[in-house]
Structure formats: C-alpha cells, structure tokens
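Since the structure comes first, as structure tokens, the remarks are kept for the end.
The values are calculated or read from the model by the stated rules, or taken from the named source; none is laboratory data. Here the structure is a predicted model, which is why all the values come from computation and not from measurement. Here the Cβ positions follow ideal geometry from the backbone for every residue, glycine too, while neighbour counts run over all protein chains shown. These area figures cover heavy atoms from the full protein model, side chains too; ligands, DNA and RNA do not enter into them. Shrake-Rupley method; radii C 1.70, N 1.55, O 1.52, S 1.80 Å.
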Amino acid sequence: MMQLQPITLEIIWSILRDEVTDEQVNELVWQTLGYQWDENNQAWDLSHVSPEWQENYPEPPNFIESRPATVKLTRSIPVENKQLLKEQLGFEGYTISELKPRLTRRATAANWLLSYLKDQGKLD
C-alpha cells in the first residue's frame, strides 16, 4: 500500500473528476475504515476495523468493482451526512450520459470520505 495523502476537499474533487486512480480511491476509503497493511506479517491488520466490516470483509474490498461493498459503504454513512457532496461541495451529480456504475461508486466513496472528515471535526 502506498503512502497516502491527507484527505482534503481537493482530493475529494479529484475523485469526482476521475483524476485519481480507482486504487487510490480504494486506499483512501480503506484507511478511513481502519485497514492497515502490516509489512512484517504481510497481512492486513484489522485491529482498527469495526467488527461489521471485519466480518464481511477480512480483506479490504474493491469499492469500485464491488456493488455489495459500495452498498454497505452507503448504508454506513450517517443520514445527516448523506447530502454532503451537494451541501459542502455544491456537487450536483453526474449527467445522464455520465451515469456509469464506476463513477457513481466513486461518488459514494467521495461522500464517505466527506462524512469521515465531518465526523473527525475537519469540516466546517
């Protein structure tokens, strides 16, 4: 796993604009869920991952390719944070021609990351 950048609004916009790789998106979400790669054991350290994620995903899922994992991610966003893309960023969504599972899953990841920032007290 690569060294990750701090999660910022610019990174979240980069996700929405498809300017960062799917792998980078996944790694950012994994980081916020608590997944950490243990170089010494060559295995995932789950000690910071919540039990409901550990049970279903003992290895971090590919959120861009896995609909069930993305649905679980969506459901884990608190109700009061579901509209953060619109409220915080003014993001109106994608056009009809852009509506593809890959982009909508990236938007879900971006919303999850915004929710994480808000819950960490890093959003106004």
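The combined condition, being under 16 Å from the mean Cα position of the chain (by Cα), over 23 Å from Gln120 (Cα atoms) and open to solvent by less than 70 Å² (accessible area, probe 1.4 Å), is fulfilled by Leu103. Name the one entry in Gln42, Gln54 that is polar (S, T, N, Q), modelled with pLDDT under 95 and over 24 Å from Gly90 (Cβ atoms). When all the criteria are applied, what remains is Gln42.
Pairs meeting the criteria (first residue in the stretch 36-57 and of a type in the set (Gly, Ala, Ser), second residue part of a helix (DSSP H, G or I), beta carbons under 9 Å, at least 6 apart or on different chains) are Ser50/Leu33.
Within the stretch 22-42, the residues that satisfy the criterion of being under 22 Å from Lys72 (Cβ atoms) and not in a helix (DSSP H, G or I) are Gly34, Tyr35, Gln36, Trp37.
Rundown of residues vs (1) open to solvent by 70 Å² or more (accessible area, probe 1.4 Å); (2) of a type in the set (Asp, Glu), yes/no style:
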position: Leu16; (1), (2): no, no
position: Glu27; (1), (2): no, yes
position: Gln42; (1), (2): yes, no
position: Ser47; (1), (2): yes, no
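Matching residues to (1) among the charged types (D, E, K, R); (2) touching a Leu at 6+ places or on another chain (Cβ under 7 Å); (3) over 20 Å from Thr8 (Cβ atoms):
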| site | (1), (2), (3) |
| --- | --- |
| Ala43 | no, no, yes |
| Ser66 | no, no, yes |
| Arg75 | yes, no, yes |
| Phe91 | no, yes, no |
| Tyr94 | no, yes, yes |
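Which of the residues that make up the stretch 96-112 are more than 10 Å from Ile77 (Cβ to Cβ) and either of a type in the set (Phe, Trp, Tyr) or touching a residue at least 60 places away in the same chain (Cβ under 8 Å) (or both)? Let's see the steps before the verdict.
Taking the stretch 96-112 as the starting set, the residues that turn out to be more than 10 Å from Ile77 (Cβ to Cβ) are 96-107, 109-110.
Scanning the stretch 96-112 gives Arg102, Leu103, Arg106, Ala107, Ala109, Ala110.
Would you mind stating whether Tyr116 is in a helix (DSSP H, G or I) and among the aromatic types (Phe, Trp, Tyr)?
Working: in a helix (DSSP H, G or I): yes; among the aromatic types (Phe, Trp, Tyr): yes.
Yes: the conditions hold for Tyr116.
When the stretch 53-98 is filtered for residues that are assigned to a loop (DSSP other than H, G, I, E, B), within 15 Å of Trp112 (Cβ to Cβ) and either touching a Lys or Arg at 6+ places or on another chain (Cβ under 7 Å) or open to solvent by less than 70 Å² (accessible area, probe 1.4 Å) (or both), the ones remaining, listed by number, are Tyr57, Pro60, Pro61, Asn62, Phe63, Ile64, Ser66, Ser76, Ile77, Pro78, Phe91.
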